[in-house]
Every structure is written in structure tokens, then in C-alpha cells.
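Below you'll find the structure, written out as C-alpha cells, and then a few comments.
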Amino acid sequence: RSLVGSEMCIRDRNVTYYPQWLPEDCKFETSYSTLGGEVYIYFTPRDSLVQFSYISKSNEKLYMDGVDAEQKDVMINGGSGKLYISHNEGQTSSLIWMNKSRTVLFSISGDYDEDVLIKMAENIVEK
């Protein structure tokens, strides 16, 4: 099982981000701080989790499981990203992207299709 790795140099900022729009069936479960970012976990009635996270500290690494996933280049609010669409049962799809100024790296993963993941990403806002 191989991992797709992305290492980004990101300037540190004290800004909090959160998803302003989520599918109706997503319910907040928990959140926690990481070095340079935050992770938010949501639960769905399908017994699956949705994870939103961001990193805004330099030299952090984000690893996405891209095995057996279709990859697409996407633009989210002016920032470039990659969408990993899973075709395997039990494996979630993921979207990673940077903001337009390339200072923050975002990630969303969950058991949703491409359109829903992109809509969630386009509705990430600063707190």
C-alpha cells in the first residue's frame, strides 16, 4: 500500500477556518488542534466519518492515501488542488488544496461524491 505525499512550505498565521456548508446528514463529532492547524471530525448516518483539516505552519507534511483513486486537478476559490475519487467500497474520497495565496493547505475526506466535496471546500471560511 503506497501513500501519496505532499510537502508544502506554508507561512504561519493565526487564523481559524471552518466549513460554512456541510451536507445535512453531517453532525459535528469532535475537533482538535494540531501543530499549525486544526482537525474537525463529523459523523454521518452511514457510519462513516468526514474529516476537514488545515495546516498553516511551515514544513508540515500531509499524506493522502491515493491507492486505487482517480485523480483530478481542481481549483478551489482560486487555489490549486487535487481530488482523489475512490472507487473502492469502504475507502473515502479526498480533496486537498491550497488557498489562493498558498499560505494554508486544506484537506477534506469523506464518503461523498466529487460535487459534494468541492462544494464543502468552496465554503471554507475564516473564523
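The values are calculated or read from the model by the stated rules, or taken from the named source; none is laboratory data. Keep in mind the model is a prediction, meaning the values are calculated, not measured. Note: ideal-geometry Cβ built from the backbone for every residue, glycine included; neighbour counts use all protein chains shown. Side chains are part of the model used for accessible areas, which takes the heavy atoms of the whole protein and leaves out ligands, DNA and RNA. Shrake-Rupley method; radii C 1.70, N 1.55, O 1.52, S 1.80 Å.
Side notes on the structure shown:
- Here the accessible area is traced with a 1.4 Å probe on the protein chains. For region 81-127, carbon and sulfur cover 43 percent of it.
- Accessible area expressed per residue, region 65-123, with surrounding protein chains retained (probe 1.4 Å, Å²): 47 Å²
- Packing-based order for 103-113, 85-95, 45-55, 25-35, using average beta carbon neighbours within 10 Å, highest first: 103-113, 45-55, 85-95, 25-35
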